[in-house]
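In what follows, a structure is listed as structure tokens, so that the remarks can point back to it.
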Amino acid sequence: MNTFKIGMGYDVHQLKEGYDFWLGGIKLAHEKGAVGHSDADVLIHVICDALLGAANLRDIGYHFSDKDPQFKGIDSKVLLKEVMEKIREAGFEVGNIDSTICLQVPKVNPHIPTMKTCLAEVMKIPESSISIKATTTEWLGFVGREEGVSAYCVALIYHV
């Protein structure tokens, strides 16, 4: 019998002019980008946290500290690949990922197929196992004021 585990991730990054905007492993054209120690890819960060949480392996900050200079500016796809190695070393495989990005602008929906392809390649799972949704906050809060981006993710893993 398979053992199933569920994990949840949540993350926020400030948006500022002069930064690249990485989301779901791809670079979006926008006048603002996410601020962070790494490339600040909020979607990849929540996926990492959901997977690590499901496997009871703590969180992204535990494994990739923002105090550690080796992670300064790192491509979050590298972190996701390492998280997948940790998940598999613990005897798990990904069942599915369900995520939601909260962002007022730019519109995310046109980029979702490319994000899914990118993430599936990094994670070595089928695109059909990755759900990415996007929403605005109807101009409310820090997302609505275009001050930041947030994301949520749940992940199902199973023991192999």
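Here are the numbers for this structure:
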| item | result |
| --- | --- |
| Residue check for residue 133: assigned to a loop (DSSP other than H, G, I, E, B), among the basic types (Lys, Arg) and surrounded by fewer than 15 Cβ atoms within 10 Å (Cβ to Cβ) | no |
| Filtered residues of region 136-153 (kept if of a type in the set (A, V, I, L, M, F, W, C), touching a Ser or Thr at 6+ places or on another chain (Cβ under 7 Å) and open to solvent by 80 Å² or more (accessible area, probe 1.4 Å)) | none |
| From 99, 129, 76, residue being small (Gly, Ala, Ser) and more than 12 Å from the chain's Cα centre (by Cα) | 129 |
| Members of region 96-129 that are in a helix (DSSP H, G or I), touching a residue at least 40 places away in the same chain (Cβ under 8 Å) and loosely packed, with under 15 Cβ neighbours inside 10 Å | 114 |
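The values are calculated or read from the model by the stated rules, or taken from the named source; none is laboratory data. This one's a predicted model, so the numbers in the text were calculated from it and none came from an experiment. Neighbour counts are summed over all protein chains in view; Cβ atoms, including those assigned to glycine, are modelled from backbone coordinates with ideal geometry. Note: areas computed on protein heavy atoms with side chains; ligands, DNA, RNA excluded. Shrake-Rupley method; radii C 1.70, N 1.55, O 1.52, S 1.80 Å.
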